[in-house]
Structure formats: structure tokens, C-alpha cells
Amino acid sequence: MYRYVLRFSMDPGFNEDEKLEGLIDFCSKACIDEVMFFINAEALNRGHLTYEETAEWIEMIKRAKRELDKLG
């Protein structure tokens, strides 16, 4: 009926492991169906990103996806 989509942003290289651990824990407890990641969002915004900087975010999100996939 409804899908719970969490909007989430984290900065690569800045407490990334702790944030990912907290995200996994929250998603499992709150029955989150999907996570929508934001790149370079709001307070984390660094201005226009280079290709290399964007690649850091994508790799971090891929890592998070592998962990979130384990939850279904």
C-alpha cells in the first residue's frame, strides 16, 4: 500500500562508517522500504563538484546499497 522512502545524505570520508552503521540500524528498525541518497546536499554542499568528487559520492552510495540490499 505505502512505501517508506528515507531521504538521506552523508559526506564521503566524514564519519562514513558510523553513518552507514546508523543508517542500516535505523532502516531495519523503522521498516524503511527504500533510501533516496542526495549528493552534495544542503549543509554538505561543496559547490560544483568535479567528476572525481562525484565519483567519491557514487562509490559511497554503492557501498551503502550493498549493505542495504541485505535488508531486502
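Could you go through the range 14-21 and let me know if any residue there is surrounded by 13 or more Cβ atoms within 10 Å (Cβ to Cβ) and among the basic types (K, R).
There is at least one residue in the range 14-21 that is surrounded by 13 or more Cβ atoms within 10 Å (Cβ to Cβ) and among the basic types (K, R).
Restricting the search to the range 8-18, which residues are charged (D, E, K, R) and within 19 Å of R46 (Cα to Cα)?
D11, E16
Being acidic (D, E), in contact (Cβ under 8 Å) with a residue 12 or more places away in the chain and open to solvent by less than 80 Å² (accessible area, probe 1.4 Å) narrows it down to one of D11, D25, so name that one.
Just a single option satisfies the conditions, and that option is D11.
Within the set of pairs 6+ apart or on separate chains, which have a first residue in the range 47-72 that is over 18 Å from F8 (Cβ atoms), a second that is of a type outside the set (V, I, T) and surrounded by fewer than 12 Cβ atoms within 10 Å (Cβ to Cβ), and C-beta atoms under 8 Å apart?
Final answer for the pair search is E53/R46.
Just a yes or no: is a residue in the range 42-65 surrounded by 16 or more Cβ atoms within 10 Å (Cβ to Cβ), small (G, A, S) and modelled with pLDDT of 90 or more?
Yes: one or more hits.
The values are calculated or read from the model by the stated rules, or taken from the named source; none is laboratory data. Bear in mind the structure is a predicted one, so any value in this text is a computation, not a measurement. Here Cβ is always computed from backbone atoms with ideal geometry, including for glycine, and neighbour counts include all displayed protein chains. For accessibility, only protein heavy atoms count, side chains too; no ligands or nucleic acids. Shrake-Rupley method; radii C 1.70, N 1.55, O 1.52, S 1.80 Å.
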